[in-house]
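Scroll down for the structure; my scribbles are underneath it.
Derivation of every value follows stated rules applied to the coordinates shown; laboratory data play no part. Just so it is clear, the model here is predicted, and its values are computed rather than measured. Note that each Cβ is placed from the backbone with ideal geometry, even for glycine, and that neighbours are counted across all protein chains shown.
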Amino acid sequence: MSSASSIRSRARELGFEKAGIARVGEAPHADFLERWLGDEFHGEMSYMARDPERRRDPARYLPGARSVVVVAKNYQSPGAHRGDPGVGRISRYAWGDDYHEVLGGKLRELARHLESLGGRARVCVDTGAVLEKPWAQRAGLGWQGKHSNLISRDLGSWLFLGEIVTDLELEPDDPYPRNYCGTCTRCIDLCPTRAIVAPYVVDSRRCISYLTIEHRGPIPSELRPLMGNLVFGCDICQDVCPWNKFARVAPERAFYAREGNLAPSLVGLMAMTREEFARRFKDSPVKRAKYPGFLRNVAVALGNSDDPAAVPALERALAHEEPLVRGHAAWALGRLGGREALRARRAVEADPWVREEIDGALGFAGGRGDGLREEGGSG
């Protein structure tokens with residue numbers, strides 16, 4: 001058995017549905033990355049712009065690198081999101097355990113196999129300096145769809161990717177022969193915030209996944225009504241992809257939904273303390289949003305719920321220790337009611353940005369903001 005065949009066989013034993021090999025050279029689509037960064041489509045993800053030359057050439061990641069081993073792990077799991085606006089939607093990839101840990105352990109096992117063959121190996125799981133989707137296409141695993149995710153004809157796009165850069169000279173796989181998106185533009189047309197600004201080009205600053213996970217500050221007010229009940233990530237571009245009709249339930253139970261993650265009560269989430277958040281989402285991708293960011297997302301979802309029963313939870317959130325939470329709770333109350341609570345909070349609020357949010361919420365709730373004039377002006 002050749003070294004390449006041995007590696008593919010070991011990858012299957014470890015539970016990877018797909019494994020392929022590409023020969024090291026300049027990274028596919030490296031010029032696209034440069035243009036994407038130049039357009040500032042990465043938003044606050046400064047790590048994307050760090051040492052771009054390292055991303056262009058895997059040999060900068062591992063001196064002497066000759067091959068990139070790319071693997072794919074299916075994370076499609078049982079269950080479905082509910083349309084009930086009173087519950088939050090968590091992205092499918094975050095229903096279960098943190099994929100960094102699950103994939104990382106398996107990739108390290110595979111790397112040890114490469115080392116047993118006489119090579120050096122360095123593992124990447126999402127955070128490494130590797131353009132993983134273009135490398136996956138070059139290694140024959142699938143093609144990059146118009147939503148920018150990798151698509152496989154037999155598994156769809158519910159796939160985690162991982163890479164091992166090695167100095168072993170391995171026989172490469174043929175690149176994936178073609179793109180099968182055809183004329184379909186469903187992912188582009190149905191993105192609520194129009195984040196897919198052109199086929200294969202995502203402006204992260206408008207992407208709900210970015211806004212609810214990576215973004216640390218206030219969510220732009222014009223995008224909030226478009227987010228619905230999405231509190232962590234967004235699967236819409238994949239939900240509508242026709243190729244996902246071929247997706248199969250994954251055998252990896254670590255990715256199956258934890259109790260309460262399929263349809264969590266928004267009111268219940270809004271009441272979480274910092275300690276409860278840490279316990280509930282221990283070893284979960286959801287922790288990446290951090291406690292203030294997650295409650296910010298929940299407040300926006302409550303504001304979109306059109307449910308007066310959410311008002312008491314939002315009124316309590318007006319006194320939250322985090323300004324980020326208070327400001328978004330104010331916005332939500334402006335959409336649902338709670339005018340008296342907004343005016344009371346405004347009288348004691350010290351944070352300038354939160355005061356601006358309260359002013360906007362009172363103006364929205366009162367039509368012309370006349371309640372502010374009753375208190376002697378807006379300042």
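Structure data summary
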{"quantity": "For Phe232, residues with placed amide H under 5 Å, excluding near neighbours", "calculated": "Arg89, Ser91"}
{"quantity": "Long pairs among Lys146/Lys290; Lys106/Lys133; Lys106/Lys282; Lys18/Lys146; Lys18/Lys287; Lys133/Lys282, criterion Cα-Cα beyond 26 Å", "calculated": "Lys146/Lys290; Lys18/Lys287; Lys133/Lys282"}
{"quantity": "³J(HN,Hα), Karplus 6.51/-1.76/1.60, whole Hz, each residue of the range 194-209, x for Gly, Pro", "calculated": "6, 6, 8, 7, 6, x, 6, 10, 10, 8, 4, 5, 10, 7, 5, 4"}
{"quantity": "Cα→Cβ-extended label distance, 7 Å offset, between Glu44 and Glu13, nm", "calculated": "4.5"}
{"quantity": "Filtered GluC sites (Glu not before Pro), the range 228-308: DSSP coil and at most 16 other beta carbons within 10 Å", "calculated": "Glu259"}
{"quantity": "Whichever aspartates and glutamates have a C-alpha closer than 15 Å to that of Lys245, once near sequence neighbours (fewer than 8 apart) are set aside", "calculated": "Asp154, Asp235"}
{"quantity": "Rg and Dmax [Cα atoms of the range 76-187; Å; Rg one decimal, Dmax integer]", "calculated": "16.9, 56"}
{"quantity": "Unpaired by the 4.7 Å Cβ criterion, cysteines found in the chain", "calculated": "Cys124, Cys181, Cys184, Cys191, Cys207, Cys234, Cys241"}
{"quantity": "The range 337-349 - phi-based ³J(HN,Hα) in whole Hz, Karplus 6.51/-1.76/1.60, Gly and Pro as x", "calculated": "x, x, 4, 4, 5, 4, 5, 5, 5, 4, 5, 10, 6"}
{"quantity": "Label-to-label distance, nm, for residues given as Ala257 and Glu275 (7 Å Cα→Cβ offset)", "calculated": "2.9"}
{"quantity": "Calculated [θ] (222 nm, deg cm²/dmol) that DSSP helices of n ≥ 4 give over the chain, each run adding -39,500 (n - 2.57)", "calculated": "-10000 deg cm²/dmol"}
{"quantity": "Residues in the range 115-150 reached by a label modelled at Leu37 [backbone nitrogen below 17 Å; 7 Å Cα→Cβ]", "calculated": "127-135"}
{"quantity": "Among Ala72, Ala254, Ala139, residue whose mean-square fluctuation peaks in a GNM of the chain (springs only between Cα atoms under 10 Å)", "calculated": "Ala254"}
{"quantity": "Compactness relative to 2.2 N^0.38 Å, alpha carbon Rg of the chain", "calculated": "1.10"}
{"quantity": "15 Å tail of the calculated P(r), the range 253-295, as % of Cα pairs", "calculated": "41"}
{"quantity": "Hz values of 3J(HN,Hα) by residue in the range 261-273 - Karplus curve (6.51, -1.76, 1.60), Gly and Pro given as x", "calculated": "8, 6, 9, x, 5, 5, 4, x, 5, 5, 8, 5, 7"}
{"quantity": "D_trans [Stokes-Einstein, Kirkwood Rh over alpha-carbon pairs] for the range 265-379, 37 °C, 0.692 mPa s, µm² s⁻¹", "calculated": "230"}
{"quantity": "On Cα atoms only, tilt of 352-366 relative to the major axis of the chain in degrees", "calculated": "60"}
{"quantity": "Sequence ranges 227-239, 310-322, ranked by mean other-Cβ count within 10 angstrom, highest first", "calculated": "227-239, 310-322"}
{"quantity": "Calculated FRET value between Val240 and Ala347, using beta carbons and R₀ = 35 Å, to 0.05", "calculated": "0.15"}
{"quantity": "Listed peptides 204-217, 278-291 by packing density, highest first (mean Cβ within 10 Å)", "calculated": "204-217, 278-291"}
